[in-house]
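Chemist: Structure incoming, see below.
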Amino acid sequence: MRISDGMAFRLIMSNLGKINRDIFTRTREVASGKKLQQPGQDPASSARVVRIRSELSRINQYERNLQRSQVLLGAADEAFNSLRNTLDTAIERTAFALGGIVNQDQLDTIASEIDQIQQSVLRLADTSVDGRNIFSGSQTRTQPFQLAAGTYVYQGDSRPLQVEIAKGKTIQVSVSGDTVFTEPSTDLLNSLTQLADALRAGDLATAQSMMSRLTEAGRVIDIARVKISESIKQVEAVGQELDTSMLTLIQELSSLEDADLAESITALTGAETRLQAALQVSARQRASLFDLIG
């Protein structure tokens with residue numbers, strides 16, 4: 001089939017258009033560093049990019065939740081450690097009072113020390129992070145304990161705050177203070193009050209009973225400390241898993257989006273060379289047409 005001059009000209013112009021589009025695409029790749037400029041270029045890759053970005057967004061939220069959990073759990077761990085040390089001091093002073101070699105003046109002095117210890121325990125019970133009380137269960141904006149008619153009463157609830165740290169994984173980041181500070185068998189805050197009163201009254205039998213409660217409170221605190229420690233380890237493990245997942249997704253995203261600059265520059269140079277050659281052919285073709293018309 002004989003190709004007419006008009007057909008040849010149209011083919012040249014079509015080729016010029018393709019080359020120009022290639023130059024435009026390669027220039028954008030070099031300028032942006034991205035090979036995937038719009039969904040129409042590669043629908044399958046573009047759809048995968050959307051899914052990856054959505055997953056990265058979820059992981060970023062989980063990372064923020066993890067950071068929040070670490071802060072709250074760290075505060076609880078520190079509070080429990082201080083609480084245990086404070087309670088040990090109370091037990092030690094009570095044991096000294098029950099040793100049978102102290103007079104009433106000394107008992108009064110120890111009672112005053114127990115009062116101070118109770119205030120320290122109360123401050124620890126009121127531990128908060130960014131205005132959120134960690135010993136109020138899910139009622140983190142509520143002060144956990146209030147004094148009513150001479151007795152400390154728990155104001156929170158028994159539903160510890162849960163935070164989602166990964167898909168299908170939640171972590172407890174607050175504590176129901178009643179299980180530690182006002183649990184019936186120990187009733188730490190009120191037992192300290194009764195202990196101080198008993199010492200001032202010289203009632204060593206009641207003081208001995210309160211001593212038993214303090215010892216049991218220590219056991220409860222130790223159990224809580226172990227749970228907090230386990231939660232901290234879980235948060236750290238999940239954090240490592242999320243970091244690995246994020247790195248994998250970022251690498252895949254890069255393979256889909258990022259251009260190979262060396263390859264793009266080589267392709268751009270080649271396209272520019274083809275353009276110059278096509279323009280020369282086009283010029284000759286136009287000259288041939290003009291000669292024919294003339």
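The values are calculated or read from the model by the stated rules, or taken from the named source; none is laboratory data. Remember, predicted model here, so these are calculated numbers, not experimental data. Neighbour counts run over all protein chains shown; Cβ positions are idealised from the backbone, glycine included.
Chemist: Just checking, which of SER158, SER209 is closer than 30 Å to ASN65 by Cα and either surrounded by 17 or more Cβ atoms within 10 Å (Cβ to Cβ) or in the same structural domain as ARG68 (by TED's automatic domain parsing) (or both)?
Modeler: Values: SER209 fails: closer than 30 Å to ASN65 by Cα.
Checking each option against the conditions leaves just SER158.
Chemist: Only one of these is under 37 Å from the mean Cα position of the chain (by Cα), farther than 24 Å from SER120 by Cα and in the same structural domain as VAL129 (by TED's automatic domain parsing): LEU214, LEU247. Name it. I'd like the intermediate steps shown before the answer.
Modeler: Numbers: LEU214 fails: farther than 24 Å from SER120 by Cα.
Of the residues listed, the single one that is under 37 Å from the mean Cα position of the chain (by Cα), farther than 24 Å from SER120 by Cα and in the same structural domain as VAL129 (by TED's automatic domain parsing) is LEU247.
Chemist: Scan the range 48-85 for residues that are within 30 Å of ASP115 (Cα to Cα) and either polar (S, T, N, Q) or loosely packed, with under 13 Cβ neighbours inside 10 Å (or both) and report the count.
Modeler: Selection size over the range 48-85: 3.
Chemist: Please work out which residue is nearest to LEU72 (Cα to Cα), limiting yourself to the range 168-179 and to residues that are free of Cβ contacts under 8 Å to residues at least 60 places away in the same chain and either buried (at least 22 other Cβ atoms within 10 Å of the Cβ) or not β-branched (Val, Ile, Thr) (or both).
Modeler: Among residues in the range 168-179 that are free of Cβ contacts under 8 Å to residues at least 60 places away in the same chain and either buried (at least 22 other Cβ atoms within 10 Å of the Cβ) or not β-branched (Val, Ile, Thr) (or both), the one nearest to LEU72 (Cα to Cα) is GLN172.
Chemist: Does GLN106 count as in contact with a helix residue (DSSP H, G or I) (Cβ under 9 Å, 6 or more places away or on another chain) and assigned by TED's automatic domain parsing to the domain that holds GLU183? Before the answer, list the steps.
Modeler: Values: in contact with a helix residue (DSSP H, G or I) (Cβ under 9 Å, 6 or more places away or on another chain): yes; assigned by TED's automatic domain parsing to the domain that holds GLU183: yes.
Spelling it out, GLN106 is indeed in contact with a helix residue (DSSP H, G or I) (Cβ under 9 Å, 6 or more places away or on another chain) and assigned by TED's automatic domain parsing to the domain that holds GLU183.
Chemist: Select from the range 86-106 the residues that are surrounded by 12 or more Cβ atoms within 10 Å (Cβ to Cβ) and not in a helix (DSSP H, G or I) and write down the one among them that is modelled with the highest pLDDT.
Modeler: Filtering the range 86-106 for residues that are surrounded by 12 or more Cβ atoms within 10 Å (Cβ to Cβ) and not in a helix (DSSP H, G or I), the one modelled with the highest pLDDT comes out as LEU98.
Chemist: Given the criteria without any contact (Cβ under 8 Å) to a residue 40 or more places away in the chain, part of a loop (DSSP other than H, G, I, E, B) and not polar (S, T, N, Q), does ARG141 qualify? Reasoning before the result, please.
Modeler: Details: without any contact (Cβ under 8 Å) to a residue 40 or more places away in the chain: yes; part of a loop (DSSP other than H, G, I, E, B): yes; not polar (S, T, N, Q): yes.
Against the criterion (without any contact (Cβ under 8 Å) to a residue 40 or more places away in the chain, part of a loop (DSSP other than H, G, I, E, B) and not polar (S, T, N, Q)), ARG141 qualifies.
Chemist: Now for a different question. Can you name the number of the only condition in (1) part of a loop (DSSP other than H, G, I, E, B); (2) surrounded by 20 or more Cβ atoms within 10 Å (Cβ to Cβ) that ILE165 fails?
Modeler: Single failed check for ILE165: (1).
Chemist: Further, regarding this structure: Which condition number does GLU113 fail, the rest of (1) surrounded by 15 or more Cβ atoms within 10 Å (Cβ to Cβ); (2) at pLDDT below 95 being met?
Modeler: Of the numbered conditions (1) surrounded by 15 or more Cβ atoms within 10 Å (Cβ to Cβ); (2) at pLDDT below 95, the odd one out for GLU113 is (2).
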